[in-house]
Amino acid sequence: MKKILVIGAGGQIGSELVLALRHRFGADAVIASDVKENCPDVLEGGAYAQLDILDREKVRKYIIEESVNEVYLLAALLSATAEKNPDFAWKLNMEGLFTILDLAKEGYLKKVFWPSSIAVFGPTTPRVNTPQYTVMEPSTVYGISKQAGERWCEYYFNKFNVDVRSIRYPGLISYTSLPGGGTTDYAVDIFYKAKKDGRYDCFLSADTQLPMMYMEDAIRASIELMEAPKESVKIRSSYNLSGCSFTPKQIAEKINKHLPDFKISYSPDFRQAIADSWPMSIDDSHAREDWNWKEEFNEEKIVEIMLNNVNPELV
Ligand code: NAD
Ligand code: AKB
């Protein structure tokens, strides 16, 4: 029987992933966990465990005693927050991964999902249609931790046959939970501010193009990859995945079609340098070939859904 533990379930991805997993495999099959003491309201339809991924012994005991056999490991510091606290970001992003990979190596876990990011690429990477295999010299703490994580995932697969699967998510756009400190967060913030104030001061410049994806596509991709036959998962570092790509100016123009009085201004901060080191668009042909990935949401759909659903009271 499947027994899934989602670690870092209270964040932007986890709060939607847990619901999708419960919908697919049943509420009893999915335990949400986070370092947060209380179960977030949205996850109350099933089991919740307060777990700090840095408490290796407690996490090991819990997984073994509860007969958990699949883990989605989401707990991490994202790019902007990581730059402000590099030591802790490295610790959190790496130690948690080893705890889970080791449990899989010892046979307690059948499958592991660990997300990587477009942050694994850097200023020397080709930025347009960035290929799966290319120069990777990340210049952020976050990107370095994700690249190292990818290498370790592949190593554990090759040496110990650990069934670990991973996606290099682009910036994810959703309205259920606020984003947790990334460089792509503007593409969520803009919808809240558009509805609340009719204006938005963007921390990236007008023409900064980045790869993005609607959360429902990202969740579906993650579950599809985890459910794909083992032999079709040919990449054990992490798969490039593409949804759409746009600039702040372009998304503002799309918002203007719904809210003609909306105004955007630009005050780039330290996140501009991070964005400038990342790809503008992604070639995800390996994901398409290996496990039939195809996105469903384009910019127009995303803008419409976000404007209809964000709750401006949250910001
Ligand atoms: P988030 O910041 O919204 O959520 C992370 C969650 O982890 C939070 O609920 C936090 O409380 C929890 N957490 C933090 N420290 C913990 C600890 N010590 N033990 C247990 N839980 C802890 O992040 P997210 O956007 O949901 O991202 C999840 C994963 O996906 C991360 O690995 C991130 O790097 C990756 N990712 C996200 C995006 C994106 O756009 N959201 C893009 C690429 C990759
Ligand atoms: C971030 O901006 O840090 C994340 C990511 C793309 O990994 N959204």
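Listed here are the residues, each with its yes/no results for (1) of a type outside the set (V, I, T); (2) within 14 Å of ligand 1 (Cβ to nearest atom).
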| site | (1), (2) |
| --- | --- |
| I7 | no, yes |
| Q12 | yes, yes |
| I31 | no, yes |
| E37 | yes, yes |
| E44 | yes, no |
| A47 | yes, no |
| S79 | yes, yes |
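Among the residues of the stretch 164-181, write down those that are touching a strand residue (DSSP E or B) at 6+ places or on another chain (Cβ under 7 Å) and either more than 11 Å from M215 (Cβ to Cβ) or of a type outside the set (G, A, S) (or both).
In the first step, residues of the stretch 164-181 are kept if they are touching a strand residue (DSSP E or B) at 6+ places or on another chain (Cβ under 7 Å); the result is 164-173.
Hits for the stretch 164-181 are V164, R165, S166, I167, R168, Y169, P170, L172, I173.
Determine, yes or no, whether I64 is away from ligand 1 (no atom under 11 Å from the Cβ), among the hydrophobic types (A, V, I, L, M, F, W, C) and touching a Leu at 6+ places or on another chain (Cβ under 6 Å). Spell out how you get there, then give the answer.
Working: away from ligand 1 (no atom under 11 Å from the Cβ): yes; among the hydrophobic types (A, V, I, L, M, F, W, C): yes; touching a Leu at 6+ places or on another chain (Cβ under 6 Å): no.
So I64 fails the test.
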| the stretch 1-26: number of residues that are at pLDDT 95 or above and assigned to a loop (DSSP other than H, G, I, E, B) | 9
| query | Considering V71, V42, which residue is touching a helix residue (DSSP H, G or I) at 6+ places or on another chain (Cβ under 7 Å) and at pLDDT below 95? | reply | V42
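Yes/no per residue for (1) touching a residue at least 40 places away in the same chain (Cβ under 8 Å); (2) within 16 Å of ligand 2 (Cβ to nearest atom); (3) of a type in the set (D, E, K, R); (4) open to solvent by 30 Å² or more (accessible area, probe 1.4 Å):
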position	(1), (2), (3), (4)
S139	yes, yes, no, yes
Y156	yes, no, no, no
D163	yes, no, yes, no
S166	yes, yes, no, no
G182	yes, yes, no, no
| Residue check, S177 against (1) open to solvent by less than 10 Å² (accessible area, probe 1.4 Å); (2) within 25 Å of P86 (Cα to Cα); (3) among the small types (G, A, S), all met but one. Which one? | (1)
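Which of the helices (runs of 4 or more DSSP H) found entirely inside the stretch 270-315 contain at least 1 residues meeting this: in contact with a Lys or Arg (Cβ under 8 Å, 6 or more places away or on another chain)?
Once the helices (runs of 4 or more DSSP H) in the stretch 270-315 are filtered for at least 1 residues that are in contact with a Lys or Arg (Cβ under 8 Å, 6 or more places away or on another chain), what remains is 285-291, 299-309.
Can you report the number of residues in the stretch 83-117 which are in contact with a Gly (Cβ under 8 Å, 6 or more places away or on another chain) and either within 14 Å of ligand 2 (Cβ to nearest atom) or not assigned by TED's automatic domain parsing to the domain that holds V141 (or both)?
If we filter the stretch 83-117 for residues that are in contact with a Gly (Cβ under 8 Å, 6 or more places away or on another chain), which is where we start, we get 93-94, 97, 114, 116-117.
This time we only want the ones that are either within 14 Å of ligand 2 (Cβ to nearest atom) or not assigned by TED's automatic domain parsing to the domain that holds V141 (or both), so: 93, 114, 116-117.
Summing the residues that are in contact with a Gly (Cβ under 8 Å, 6 or more places away or on another chain) and either within 14 Å of ligand 2 (Cβ to nearest atom) or not assigned by TED's automatic domain parsing to the domain that holds V141 (or both) in the stretch 83-117 gives 4.
The values are calculated or read from the model by the stated rules, or taken from the named source; none is laboratory data. Quick caveat: nothing in here was measured; it's all calculated off a predicted structure. Glycine also receives a Cβ, built like all others from the backbone with ideal geometry; neighbour counts cover every protein chain displayed. The accessibility values were calculated without ligands, DNA or RNA, using every heavy atom of the protein model including side chains. Shrake-Rupley method; radii C 1.70, N 1.55, O 1.52, S 1.80 Å.
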